[in-house]
Structure formats: C-alpha cells, structure tokens
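Student: Quick one: the structure is below, questions incoming.
Each reported figure results from applying straightforward, stated rules to the coordinates on display, with no laboratory input. Quantities reported herein were computed from a predicted structural model and do not represent experimental measurements. Because the Cβ atoms are built from the backbone with ideal geometry, glycine has one as well, and the counts that use them run over all protein chains shown.
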Amino acid sequence: MSVIAANLQAVENDIAAAAQQAGREPSAVTLLAVSKTVPAERVREAFGAGQHAFGENYVQEGLDKIAALGDLRGDIQWHFIGPLQSNKTRPVAEQFDWVHAIDRLKIAERLSAQRPAGMAPLQVCIQVNISREDTKSGVPPEDVLALAQAIAALPNLRLRGLMAIPAPAEDPVAQRLPFAALRGLLDQLRQSGLQVDTLSMGMSADMNAAIAEGATLVRIGTAIFGARH
Ligand SMILES: *Cc1c(COP(=O)(O)O)cnc(C)c1O
C-alpha cells in the first residue's frame, strides 16, 4: 500500500474511533483531504485510494489542479477553503463545488452572480472568527445570523453551514470549547429556520476534539500528505 493510501486509511480509522467515542455514526463525518501545495499526481494517487473530496487554499493552484485532473472531474468534489478576494471570485464560482470561508456578503453576492447557469448551486459555509483573534478572518459570532439570512436568499448559492479555524490549543479539553461554540451558532441558525447541516471544523492537530463537538466535515492535510514545505 502506498504511503498516501496508508495515511488515508489511518485517518479514516481515527475518524471512526472519534465518532464512536462521541456516540456518532462514522459516516456522519466527511473527510476533506486538504491538498494545498500537493502536486496533482499525488492527489490522483489519493483519488485512486478512494478519496473523492479535496480542499485547496489558493485560486491559481486549485485551478491548475482541477485542470490537471479534468478526467476525474465528475467524481471529485473540489472545495475552496482559503480566504477569497473579490477580484478572484469568478473562476472559483465557475470551477469549484464548495467555498468554506465566506466572511462578507459582497463575496457571496459575486459568487452567486458568477455561478454559471445550469450548474448546481455553489455550496457555501460562513467562516466564523470563533476565537475572536485580531489577525484571523471570519465574521464575529454576533454577525453570523444576519449574514446567513442574507446568503440564504441568494439564488445560486446553497448555504450549508459554518466553518472555523480556532486559535491553536494543546489541551484536548481547551480545544473543544471553540468547536462547541460553533455548534451552538449552527443550532441558532437552525432555530431561526435556516436549513443548514455542515460544521466544517477540525484539522490534523485538533480533529478528535472537533468530532466530539459535532464536526460533519474535517479538513485534513498533513496527516494524509505529510508536512508541507
Ligand atoms: C491547511 C489547512 C487545513 C489542513 O491543515 P493540516 O494541519 O495540514 O491538517 C485545514 N483547513 C484550512 C483552512 C487550511 O488552510
């Protein structure tokens, strides 16, 4: 078995164990393989090992990889997970299936306007600055509901839920607090009548804590493809 295939298997096993420990179905947690800086041929290898959802952070790098793996396009879901500038929304609207890090209405409006007719709606999440860090992108928790209601009204987007990258913490108990807060915000959206189902939270270093607090999608790079250079 290749290293990537073995790593994927190990991550899937960890997801299943964390889900079971939390009394959740392993199938309730989707693995997004974060392939930023990873060459297309290694993404193809991961695809061959059964992984079909990939996350990219940089627009041009992502577009190049989508093109290089064009023969697999119908069987891959491409997620844009990086910060997105308004002058780069068009190719993302045209080429990706998901966008995770929406933090202002203007970006969402552009993506909706630029999503080609005939394509499925672009699946989107709002990024929340859940740890209230000055340097982090994402909307403050108190602004999430209003932004969610505005995005839900856009014709070519489908609001799926919330995403966050909490401040790093070593202690597993401390790691859970921001994830619990994000889950609380998603509950609030549901109570206000929005049909949202996605909590995009958890990376290689804090995946178990995220799953314990209800992550439905974990974004894992290093544990699959190794350290980035
Ligand atoms: C790089 C990245 C990840 C993956 O991080 P790892 O620590 O390599 O698992 C997840 N989410 C986002 C938004 C990232 O930029």
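Student: What's the number of the condition Glu56 fails, among (1) out of contact with any Gly (no Cβ under 8 Å at 6 or more places or on another chain); (2) within 30 Å of Arg132 (Cβ to Cβ); (3) among the acidic types (Asp, Glu); (4) within 16 Å of the ligand (Cβ to nearest atom)?
Tutor: Glu56 satisfies every listed condition except (1).
Student: Of everything in segment 78-110, what is touching a strand residue (DSSP E or B) at 6+ places or on another chain (Cβ under 6 Å) and either acidic (Asp, Glu) or closer than 19 Å to Val196 by Cα (or both)? Give them in sequence order.
Tutor: Listed by number, the residues that qualify are His79, Phe80, Ile81, Asp97, Trp98, Val99, His100, Ala101, Ile102, Asp103, Ala108.
Student: Could you please find all residues in segment 14-35 being more than 15 Å from Ile4 (Cα to Cα) and outside any helix (DSSP H, G or I)?
Tutor: Those that are more than 15 Å from Ile4 (Cα to Cα) and outside any helix (DSSP H, G or I): Ala22, Gly23, Arg24, Glu25, Val29, Thr30.
Student: Moving to a separate point now. Of all residues in segment 170-196 being within 16 Å of the ligand (Cβ to nearest atom) and closer than 21 Å to Ala101 by Cβ, which is farthest from the chain's Cα centre (by Cα)?
Tutor: Here the answer is Gln175.
Student: Could you tell me how many of the residues in segment 26-53 are within 16 Å of the ligand (Cβ to nearest atom) and among the small types (Gly, Ala, Ser)?
Tutor: 4
Student: Shifting gears a bit: Filter segment 110-131 down to residues that are within 20 Å of Ala215 (Cβ to Cβ) and either part of a strand (DSSP E or B) or charged (D, E, K, R) (or both), then give me how many there are.
Tutor: Number satisfying all stated conditions: 6.
Student: Separate question: Please go through segment 204-221 and pick out each residue that is of a type outside the set (Val, Ile, Thr), within 16 Å of the ligand (Cβ to nearest atom) and more than 19 Å from Ile102 (Cβ to Cβ).
Tutor: Within segment 204-221, Ser204, Ala205, Asp206, Met207, Asn208, Ala209, Ala210, Gly221 meet the criteria.
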